[in-house]
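Report on the following structure.
Read the figures in this text as sums done on the coordinates, not as results from a lab. Computed from a prediction, not measured in an experiment: that's the story for all the values here. Cβ sites come from the backbone with ideal geometry, for glycine too, and all protein chains shown count toward neighbours.
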Amino acid sequence: MARIPDSPQPDTHQPHGIVGLVLDVQIVMSKDHNPIDPILFAERADAIADAARDLAAFGWTPATSSNFSMRLNDDLAAITISGRDKGRLGRDDIMTVDMEGLPVGTEARPSAETALHTQIYRRYPNANAVLHTHSRTQSVASRLFAENGVVRLEGWELQKAIAGYTTHESVLDIPVFPNTQHMPELVAQVDAWIDSGKPLYAYLINGHGIYTWGRDMPETRRHLEALEFLLGCELDLRRLSP
Ligand SMILES: [Zn+2]
């Protein structure tokens, strides 16, 4: 099975200067989206709500933080509406956005970090779900490893939970990007990592949380649970090492 990060796509949606920006806006406004399939939307919204309920129960989504999405088709994704309690999501708490992160068929406001979700769908055509959480372990690890810019995982059996990894004798680098409230800066940092040709399965944002993705919701949840465990192990090693 091909690994998701092996085939990142060039991001053709990044505006380059004013001319590019104007062209981009015209494309968005004139684009006809694939229609939203209500059955598919309901299915995806339920999968998001189910995952969110479990992750909230783990304590990984404090104070309405975190956001979750699933691809609907090449043009559209279902994503959590901003500010909702992630432990109590229903279909009404999920909305549709296009791949620029703009709302489609709704006045609702998507999560503030929607651009980071749609970026993954644009860059990785095999990615169909994105999970972003703010657990204590993720937050502390991001601060501890921010100076290195990366958490290097090696020698852990659970690295095999990440799609394409078959042995503990592998190296799994999770970059740590500086936090900012200006989403285009974060998008640019992620693009730069992907464009450098380095594999990307997940990333941390300093003092903030983690993003990871997969082919479907079960694979994405497996990635998130494995990474939470592995980051916890790295923190314990530092705590316990003389
Ligand atoms: Zn966040």
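Looking at segment 38-240 alone, DSSP beta bridges between its own residues are antiparallel in about 95 percent of cases. Residue separation of ALA112 and ASP54 scaled by 0.36 nm, minus their Cα-Cα distance, works out to 18.7 nm of gained length.
Normalised by the number of residues in the chain, the mean separation of alpha-carbon contacts (under 8 Å, six or more apart) gives a relative contact order of 20 percent. The ratio of the alpha-carbon radius of gyration of segment 38-240 to the globular-protein estimate 2.2 N^0.38 Å is 0.97. Taking a Cβ cut-off of under 13 Å around MET217, the surrounding Lys, Arg, Asp and Glu residues balance to a net charge of -1, with basic ones at +1 and acidic ones at -1.
Derived scalar couplings between HN and Hα for segment 192-201 equal 4, 5, 4, 5, 6, x, 6, x, 9, 10 Hz in order, rounded to whole Hz, by the Karplus curve 6.51 cos²θ - 1.76 cosθ + 1.60 (θ = phi - 60°), x for Gly and Pro. Summarising the amide proton neighbourhood of SER135: residues at separation of 5 or more, or on other chains, whose placed amide H is nearer than 5 Å comprise ILE210. Please compute the length gained on full extension between GLU100 and ARG136, using 0.36 nm multiplied by the number of residues separating them and subtracting their Cα-Cα distance. Stretched out fully, the GLU100 to ARG136 stretch lengthens by 9.9 nm.
Working note: Karplus 6.51/-1.76/1.60 with θ = phi - 60° gives segment 35-47 the couplings x, 6, 7, x, 5, 5, 4, 4, 4, 5, 4, 5, 5 Hz, where Gly and Pro are set to x. Where Lys and Arg each count +1 and Asp and Glu each count -1, what net charge lies around VAL140 among other residues with Cβ under 12 Å from its Cβ? It works out to a net charge of +1.
The charge dipole of segment 38-240, taken about its Cα centre with unit charges on the Cβ atoms of Lys, Arg (+1), Asp and Glu (-1) only, comes to about 360 debye. Based on alpha-carbon centroids, what's the gap between segment 151-214 and segment 54-88 in Å, whole number please? The two parts, judged by their Cα centres, are 20 Å apart.
Scoring 144-153, 44-53, 122-131 by mean Cβ neighbours within 10 Å over their residues and listing the highest first yields 122-131, 44-53, 144-153.
Comparing GLY101, GLN189, PRO38 along the charge dipole axis of the chain, the residue lying farthest to the positive side is GLN189, per the Cβ-charge model. Computed per residue of the chain from DSSP H runs no shorter than four, each worth -39500 (n - 2.57), the mean residue ellipticity at 222 nm is -12500 deg cm²/dmol. Among residues other than LEU116 with Cβ under 12 Å from its Cβ, the summed charge is -1 (Lys and Arg +1, Asp and Glu -1).
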